[in-house]
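Accompanying notes for the structure given below.
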Amino acid sequence: MVIFNWGRAMKKGLVMDLPIAVDKPKPSLAEKYCSRCRANHSVSAFAKHPNTRDGLQIWCTASTMEYRRERKRQKLQLKGLVPA
């Protein structure tokens, strides 16, 4: 395995000056699109999620609650506890 020594290469003039990456300020996220209700909502309408890029759920809180209610009713119907 060959290890490249940047310090030695720079001293010998083998490495050109590379542009330094400048951190751009991130745009403020004021709104987000809910993929379930297909509408834009303020960021406060979304719960946190650690595995997404923006740190928020993909569905708004209202859509998530609606889905949970529907799913719970469907499960109870399958078990025969709630009439269809």
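Taking a sphere under 13 Å around the Cβ of Lys72 and counting the other residues whose Cβ falls inside, with K and R at +1 and D and E at -1, yields a net charge of +4. Scattering from the range 31-84 was approximated by placing one identical point on each alpha carbon and applying the Debye formula without solvent; log10 I(q)/I(0) at 0.14, 0.25 1/Å stands at -0.46, -0.87. In sequence order, the range 68-80 has phi-based couplings of 5, 4, 4, 5, 5, 4, 4, 5, 5, 5, 5, 7, x Hz under the Karplus curve 6.51 cos²θ - 1.76 cosθ + 1.60, θ = phi - 60°, and Gly or Pro positions carry x.
Any read-out appearing in this document is the output of simple, stated calculations on the displayed coordinates, not a laboratory observation. Just so we're clear, the structure is a prediction, and the values are computed from it rather than from any experiment. As a convention, Cβ positions derive from the backbone with ideal geometry for all residues, glycine included, and neighbour counts pool all protein chains shown.
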